[in-house]
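Down below is the structure, laid out as structure tokens.
The values are calculated or read from the model by the stated rules, or taken from the named source; none is laboratory data. Since the model is a prediction, treat every value here as computed from it, not as a measurement. Every residue, glycine as well, gets a Cβ built from its backbone with ideal geometry; the counts of neighbours run over all protein chains shown.
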Amino acid sequence: MRKKICKLLITGGCGFIGSAFTRQAITSGYKVVVVDKITYAGDEARLRDFKGKYKFYKTDICNEKKISEIVKNEKPDVIIHFAAETHVDRSILDARAFIDTNVSGTQNLINVSRKFKISKFVHISTDEIYGDSKSGTFTETSQLKPSNPYSATKAAADMLVKAAIRTYNFPAIIIRPSNNYGPWQYPEKLVPVVILKALNNQKVPVYGVGAQIREWLFVEDCARGIRLILKKGKIGEAYNIGSYFEKKNLDTVKRILKEVGKPEDLIKFVQDRPGHDFRYSLNCEKVRKLGWRPKVNFESGIKETVKWYLDNLGWTKNKLTVLQKYWKLVYQKKGSKQ
Ligand SMILES: NC(=O)c1ccc[n+]([C@@H]2O[C@H](COP(=O)([O-])OP(=O)(O)OC[C@H]3O[C@@H](n4cnc5c(N)ncnc54)[C@H](O)[C@@H]3O)[C@@H](O)[C@H]2O)c1
């Protein structure tokens, strides 16, 4: 008889998607251990309503010895791996931390999981590993063609997991979500950037002419999809999770400005991101066959997200100060103006 899954070790559980998943996992009865280094993007405040309901280790996944000790002591049934460096612009400036965490960190987790015979390893990959496509959609068997340093490290991690599945019969499942948005997202990503700049009547930067297309997935829907795949997904398989809701970046920005009640002349077109992927698009029939559908459409998701940021301006205030300092340093180093 199959052993009942009860204890999850979640890496990156203090990040944006990892915390949404952690909150849902605790609510639905799992025992949870969170391992997070708390980088600039991590914050245990995202789990503040669940204090005392999970165990927390402030640990770097690059430290194989410490991860080994945690897994040895906690004996989780499943490891769910969200931890990563995730911001494309930062990876373009310097990819080192991305290689360390996303590639070496993932291999460490594979090593430790094998050593302690973990029964299931769920790897959170991304739609960005497929690269972009002007038309058509990517299925789970499409070729991996990443085009920026972030997605290259995520593709490397995805391939390391695939290699472990084939070489060692490693009991892993790979999940590739599309662009997430929602409450608690770190304010360097598109949706919170637009909300917060607009609220402060600052110019809202849009890369190029805003023609890039993204498939927007509400974070709670993504976390629900991951929970379903954890239960019903087949070991050795990959699953895309997307909403089928594609939107041009410029239209996304305009929709947010409308929700915040600000004029479109706040939009400022800026030099495009180097190598900017034009369009991501996933075929999600495989996860739909398991019974998953997004519940939150873009309209209600944006309303909920804007409301959340308005209600939680205190949380973003410190983050914005740290971010400003970071970009100031970057521009000083490059000898150019902000
Ligand atoms: N945000 C998206 O739209 C999106 C889409 C598809 C896939 N993903 C993937 O989902 C996962 C989570 O993304 P997110 O947006 O929540 O990221 P995030 O940047 O909000 O959170 C990442 C978390 O990982 C932690 N972390 C980073 N390096 C670590 C290390 N070395 N050791 C331990 N913890 C470390 C951080 O402290 C943080 O809590 C990532 O693997 C990402 O590639 C994200």
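If you go through the stretch 7-36 and keep only what is within 10 Å of the ligand (Cβ to nearest atom), touching an Asp or Glu at 6+ places or on another chain (Cβ under 6 Å) and without any contact (Cβ under 8 Å) to a residue 60 or more places away in the chain, you end up with just 14. Per the listing 104, 119, 91, the residue uniquely closer than 24 Å to residue 219 by Cα and among the small types (Gly, Ala, Ser) is 91. Which condition breaks for residue 214 when tested against (1) more than 19 Å from residue 126 (Cα to Cα); (2) assigned to a strand (DSSP E or B); (3) among the basic types (Lys, Arg)? Unmet for residue 214, out of (1) more than 19 Å from residue 126 (Cα to Cα); (2) assigned to a strand (DSSP E or B); (3) among the basic types (Lys, Arg): (1). Of the candidates 257, 310, 320, the single residue that is within 23 Å of residue 186 (Cβ to Cβ), in contact with a helix residue (DSSP H, G or I) (Cβ under 9 Å, 6 or more places away or on another chain) and surrounded by fewer than 14 Cβ atoms within 10 Å (Cβ to Cβ) is 310.
Looking only at the stretch 191-214, count how many residues are touching a Lys or Arg at 6+ places or on another chain (Cβ under 8 Å), closer than 24 Å to residue 283 by Cα and either crowded, with 18+ Cβ neighbours inside 10 Å or of a type outside the set (A, V, I, L, M) (or both). Count: 4. Each residue in the stretch 242-279 was checked for being under 24 Å from residue 91 (Cα atoms), among the β-branched types (Val, Ile, Thr) and modelled with pLDDT of 95 or more, and 2 pass.
What residue, among those in the stretch 37-59 that are in a loop (DSSP other than H, G, I, E, B) and without any contact (Cβ under 8 Å) to a residue 24 or more places away in the chain, is surrounded by the most Cβ atoms within 10 Å (Cβ to Cβ)? Break it down into steps so the answer makes sense when it comes.
Going residue by residue through the stretch 37-59, those that are in a loop (DSSP other than H, G, I, E, B) are 37-43, 51-54, 59.
Retained after the next criterion (residues that are without any contact (Cβ under 8 Å) to a residue 24 or more places away in the chain): 51-52.
Details: 51: 9, 52: 5.
So the residue we want is 51.
Which residues, counting only those in the stretch 108-151, are assigned to a helix (DSSP H, G or I) and either in contact with a Lys or Arg (Cβ under 8 Å, 6 or more places away or on another chain) or buried (at least 22 other Cβ atoms within 10 Å of the Cβ) (or both)?
Just the residues of the stretch 108-151 that are assigned to a helix (DSSP H, G or I), to begin with: 108-115, 127-130, 149-151.
Those that are assigned to a helix (DSSP H, G or I) and either in contact with a Lys or Arg (Cβ under 8 Å, 6 or more places away or on another chain) or buried (at least 22 other Cβ atoms within 10 Å of the Cβ) (or both): 109, 110, 112, 113, 127, 128, 129, 130, 150, 151.
Within this structure, residue 286 passes the test of being outside any loop (DSSP other than H, G, I, E, B), under 22 Å from the mean Cα position of the chain (by Cα) and either under 29 Å from residue 90 (Cβ atoms) or not small (Gly, Ala, Ser) (or both).
Residues satisfying the criterion are present in the stretch 155-175 (criterion: surrounded by fewer than 23 Cβ atoms within 10 Å (Cβ to Cβ), within 18 Å of the chain's Cα centre (by Cα) and within 21 Å of residue 214 (Cα to Cα)). Scoring residue 182 on the criteria (1) within 21 Å of residue 288 (Cβ to Cβ); (2) surrounded by fewer than 22 Cβ atoms within 10 Å (Cβ to Cβ) leaves a single failure, condition (2).
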